[in-house]
Every structure is written in structure tokens, then in C-alpha cells.
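The values are calculated or read from the model by the stated rules, or taken from the named source; none is laboratory data. Computed from a prediction, not measured in an experiment: that's the story for all the values here. Cβ coordinates were reconstructed from backbone atoms using ideal geometry, including for glycine residues, and neighbour counts include every protein chain displayed.
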Amino acid sequence: MRSLLKHIPAGSSIPLNNPFAVSVSLPTLSDVIKYEEGDAAFLESMETGYPRFFTHRYVRLYLQHIREQHRVPEDRQLIPVNSYNAVCRVQELLGSPVAHIRAGRWYCIVTAQDDPDAGRISHIIRNCGFLISSRALAVYLHELHILPQLYHEDTAPYDQGETIIREVLASSYQTQPEHVLLTNSGMNALYAGIRALCEKAAGERQIVRMGHCYIDTLELLERCASSVYVHKDIHELQELELYLQQHAQHIALVFIESVSNPLLQVADLPALYRLCRQFDIPLLVDATFSPGFIATVYQHADVIVESLTKFASGHADMLAGSIVTVNTDVLTIADCLPYREAPAIYDTVRLALEIKDYRSRLEKVSHNTKLLTAYFRQFSHIIENIYVASGSDAYARIRKDALEPGLISLVFRDDLSLYYDRLPVAKGPSLGTDFTLVMPYVYLAHYEACKDEKAYAELLQAGLNKNMIRISVGTEPIKEITGAFDAVLTNPG
């Protein structure tokens with residue numbers, strides 16, 4: 001593994017020189033703000049970005065080709081989607097038909113450049129994971145001689161990719177491979193699971209959301225449900241029980257992140273599942289942060305979704321997701337298929353190679369997380385709060401083999417830029433990488449709220465502080481990781 005414990009120029013792909021990288025270097029808060037503000041010069045300098053928020057250069061080449069091939073005038077906008085099924089789902093969620101064309105192996109929605117629905121369409125595609133694979137696009141563009149050569153990378157055999165992935169995930173979640181469904185992204189896995197459960201519910205389709213969630217997850221829940229009830233305190237189950245007693249007949253599912261992002265809170269999952277069973281309400285768990293190799297989430301859920309982009313891949317070079325139907329009396333793979341976007345085979349065979357090291361990667365990261373947490377505790381004069389999953393009784397109830405999620409969130413007492421800007425590590429979006437990756441979570445996930453006093457006050461009430469970084473702990477030697485933080489913590493400047 002090439003060390004990324006160093007300063008990386010702004011806009012560089014993370015991993016370096018990889019056209020399929022899903023992270024990008026944002027080494028200073030100034031760079032983060034330029035990115036969030038849509039600074040044209042900065043965006044143009046970016047080699048890549050997180051695919052749901054950044055238009056990949058292969059996508060731009062593809063759209064230019066389609067525009068020329070179909071003679072689409074410049075006053076029309078092309079919005080690519082992965083399949084005809086995705087076009088139909090966009091129309092359904094938008095509530096109106098959309099013009100579209102078959103564009104090579106995929107589809108493009110066509111709108112006026114100033115169409116007010118264009119933004120909504122793009123948000124739906126982003127929320128539901130209707131994206132085109134950059135690897136599949138690379139092959140397509142190469143066949144058309146638009147892309148001179150393909151990026152070389154090792155893969156599993158093409159006829160074994162999906163089988164390998166499903167077998168590893170079945171081992172992780174103690175189930176059978178036929179109960180595992182692969183999707184083209186974590187968000188599509190979540191969308192397909194939620195939609196399938198909502199469709200099976202009779203009458204009103206309310207979703208109970210446990211605690212704070214990632215912002216795109218919040219939007220997706222609202223898109224799929226007739227209403228969303230937010231149970232803010234994930235540790236208070238008596239109040240939840242009273243609510244379920246009164247409204248169970250209208251509830252399609254209960255949703256929870258285990259562990260939560262970015263505060264790494266853990267609910268009493270066994271107790272929550274018993275409560276859901278009592279009222280015959282499905283429990284859907286996003287286990288991206290605590291997959292089955294390190295936690296027994298599969299014993300306390302009906303349906304599990306996971307973003308395989310994260311720890312399962314470990315290399316930050318693809319989007320992928322999975323649905324595990326733990327309780328087939330509640331949901332089956334067949335129920336999810338109408339809403340699922342299949343992964344491209346080129347991504348599948350790459351992930352199949354990476355996922356073979358899934359368990360050992362989690363073990364190394366867990367070991368480093370424990371040591372790094374102890375290291376940070378000596379800097380209480382600089383660090384106001386340290387958030388980790390371990391240490392809570394709730395996590396102890398689902399913990400396996402003394403392992404813990406490889407994530408730490410820190411809140412600094414002083415302005416974040418004093419530390420973030422000088423930290424010699426990879427800094428950008430995503431997590432679960434085999435290299436240490438730091439993200440200024442609130443700036444990237446809630447930037448607009450950071451500029452609004454009232455909205456930011458609400459974030460603070462939820463425990464989200466602008467001076468927070470989320471650290472995805474890597475597999476590097478622990479002394480190298482602490483050495484990188486020494487540079488700023490022992491000499492604040």
C-alpha cells in the first residue's frame with residue numbers, strides 16, 4: 001500500500017492517479033469551501049470526486065459523445081441514468097414524465113437547461129443511486145476510440161466476481177448467498193430495501209427514523225415514505241414503545257444506522273429488535289459502520305444494507321452496495337429487484353478481489369482504532385470530545401471478537417483550520433479505506449447549515465460541531481499514524 005500519510009495537493013484523486021477513485025484531496029478548509037461553493041476554477045482542477053456529487057470526466061466525455069450522436073442542441077441538458085428502470089423510478093418520484101433517450105448502453109433524461117425540475121431529477125438520481133459506473137463507461141469509450149487506453153488494475157475472474165462477493169457477505173452476516181443482493185451503490189441498496197418494505201406495507205407508509213442520519217439518507221427516507229417520524233434519542237426506547245403502540249398500523253418500517261454517522265452512537269439493537277417484533281414492524285439496519293464480521297447486527301434485524309464502497313472495498317475506488325434479507329418472512333430478494341440497480345461487471349470483479357481481505361482489514365483497523373483512541377485522550381486540552389463506538393454498553397451487546405468500527409470523530413476546542421490544514425494525511429470524502437482518511441464532516445455534509453445561524457444551532461443541538469473531523473482509521477503501522485497527528489497536536493501553532 002502506497003502511504004498517503006502526507007500532504008496531498010488539492011484536487012488530486014485519492015487513491016493517487018486512479019481514475020476510479022471516489023475521494024479527492026481537500027487539504028485545507030479553504031479548499032473545502034471552494035468545493036462546496038462550486039468555485040469553477042477549483043472544480044476544474046479536480047481529478048475526481050465522490051461520484052454522487054461530482055461529474056466524472058468519463059461521464060463528461062460520454063455526454064459530449066451522446067450530444068453529438070443524437071444532435072442534442074446546447075439549450076438542452078442531458079442527465080445520465082443507469083437503466084430504463086431508473087428512468088421510470090425518476091418519473092415516479094418526480095410525479096411527472098420526463099423526456100429521455102437511449103444513449104449507448106444507458107439512458108439520458110433530456111431537459112431544458114433552465115428547467116426547474118433538473119435539480120430535483122439530479123437529487124433523485126443521487127439519493128437513489130441511479131448512477132452509471134465509471135468503469136463501464138471507460139470500456140464503452142475505449143471501444144469507440146474516445147478513450148485511448150484503459151487503466152490497468154487487478155481483478156478476480158470475470159465469471160466468479162458476484163459469487164465471491166455474495167459468499168463473503170453471507171459469511172459476514174451468517175446467512176446464505178442467495179439472501180444477498182448486490183447493487184450498484186450503497187444508496188441504491190438503501191433505496192431498494194426501503195421501497196420494497198414500503199410497498200409491502202398496507203395503507204399509510206410511515207417510516208420511523210432512529211436518531212440523526214447522513215443527510216442523503218434523510219432525504220431518501222422522505223422520498224419513499226408518506227411521512228417520517230423522527231425518534232431523536234436512540235437510547236430511549238420506552239417513549240418509542242408508546243409511539244408504536246399508538247401508530248403501529250401505519251408504520252412500514254423502523255430504520256437505524258448502527259453505528260451512527262458521524263457520532264458513532266449505538267442503540268440497544270437487541271432491545272429495539274424485540275420491540276419491533278412485538279409490534280410486527282420490520283427493522284432495517286444500515287450496518288456499513290458495523291458489518292457482520294465485527295458485530296452481530298444480523299441477529300437483531302430483518303433487513304441489512306451495507307455500502308460496500310466503504311470497508312468491504314477498502315480501496316476507495318468504486319461504488320457498490322448490498323441488501324441482506326435476514327428475515328425472508330419480512331422481505332425477500334425478489335421483493336427488492338424492481339428497485340435495484342445492478343452493479344457493472346467491471347466493478348464486481350474489482351470488488352471481488354478487494355473483498356477477500358475484508359475480515360483481516362477490519363481486524364487491523366480495529367486494532368489501530370483502539371490505540372489511536374488512547375493516543376488522542378492525552379490531548380484533552382486541545383480535543384473537546386472524542387466519539388468512538390466502543391465503550392458503550394449497547395455496542396458491547398453486539399460486539400464480536402473484541403472488534404470495533406474503524407472510525408473516530410474528534411471535536412477540537414479551537415477553530416478546525418488550525419489543525420486540519422496542517423495535518424499530513426489524506427483528507428477528503430468517504431471512509432472505510434485501508435489508508436487513514438480524514439473528513440471535515442460538518443463542512444462537507446452540512447455546508448449550507450454552517451452559513452445559517454439558526455440551522456447551525458440545530459446542528460449543534462444534534463451534536464454536530466464545525467470543529468469536528470471524522471477519522472477513518474487505516475491499516476498503516478500505528479506509529480506512522482500517530483506521527484502524522486503529532487505534527488499538529490504536539491505543536492498546535
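Hey, any hits in segment 376-385 for a residue that's crowded, with 20+ Cβ neighbours inside 10 Å and in contact with a strand residue (DSSP E or B) (Cβ under 9 Å, 6 or more places away or on another chain)? No, every residue in segment 376-385 fails to be crowded, with 20+ Cβ neighbours inside 10 Å and in contact with a strand residue (DSSP E or B) (Cβ under 9 Å, 6 or more places away or on another chain). Among the candidates 208, 230, single out the residue that is β-branched (Val, Ile, Thr) and within 18 Å of residue 301 (Cβ to Cβ). Result: 208 is the single residue among 208, 230 that is β-branched (Val, Ile, Thr) and within 18 Å of residue 301 (Cβ to Cβ).
In segment 459-476, the residue that is modelled with the lowest pLDDT out of those that are assigned to a helix (DSSP H, G or I) and out of contact with any helix residue (DSSP H, G or I) (no Cβ under 8 Å at 6 or more places or on another chain) is 461.
Of 258, 290, all but one fail to be polar (S, T, N, Q), at pLDDT below 95, under 24 Å from residue 355 (Cα atoms) and surrounded by 24 or more Cβ atoms within 10 Å (Cβ to Cβ); the exception is 258. Considering the conditions (1) over 21 Å from residue 319 (Cβ atoms); (2) in contact with a strand residue (DSSP E or B) (Cβ under 9 Å, 6 or more places away or on another chain); (3) not in a loop (DSSP other than H, G, I, E, B), residue 80 is excluded by exactly one of them, (1).
Restricting attention to segment 116-145 and to residues that are assigned to a loop (DSSP other than H, G, I, E, B) and surrounded by fewer than 15 Cβ atoms within 10 Å (Cβ to Cβ), the residue that is nearest to the chain's Cα centre (by Cα) turns out to be 116.
Does residue 339 fit the bill of being in contact with a Cys (Cβ under 9 Å, 6 or more places away or on another chain) and more than 21 Å from residue 315 (Cβ to Cβ)? Even if it seems obvious, please write down each step before you answer.
Working: in contact with a Cys (Cβ under 9 Å, 6 or more places away or on another chain): yes; more than 21 Å from residue 315 (Cβ to Cβ): yes.
Answer is yes for this residue.
Looking across segment 443-463, just one residue is among the hydrophobic types (A, V, I, L, M, F, W, C), under 17 Å from the mean Cα position of the chain (by Cα) and more than 24 Å from residue 291 (Cα to Cα), and that is 444.
Screening residue 226 against (1) in contact with a Phe, Trp or Tyr (Cβ under 8 Å, 6 or more places away or on another chain); (2) more than 27 Å from residue 313 (Cα to Cα) leaves a single unmet condition, (1).
Just one of the listed residues (375, 443, 456) is without any contact (Cβ under 8 Å) to a residue 12 or more places away in the chain, in contact with a helix residue (DSSP H, G or I) (Cβ under 9 Å, 6 or more places away or on another chain) and among the aromatic types (Phe, Trp, Tyr), namely 456.
Per the listing 209, 223, the residue uniquely part of a helix (DSSP H, G or I) and within 20 Å of residue 124 (Cβ to Cβ) is 223. Cβ separations smaller than 6 Å between residues 6+ apart or across chains give the following pairs from segment 157-179 residues that are on the phi > 0 side of the Ramachandran plot to residues that are at pLDDT 95 or above: 174/298.
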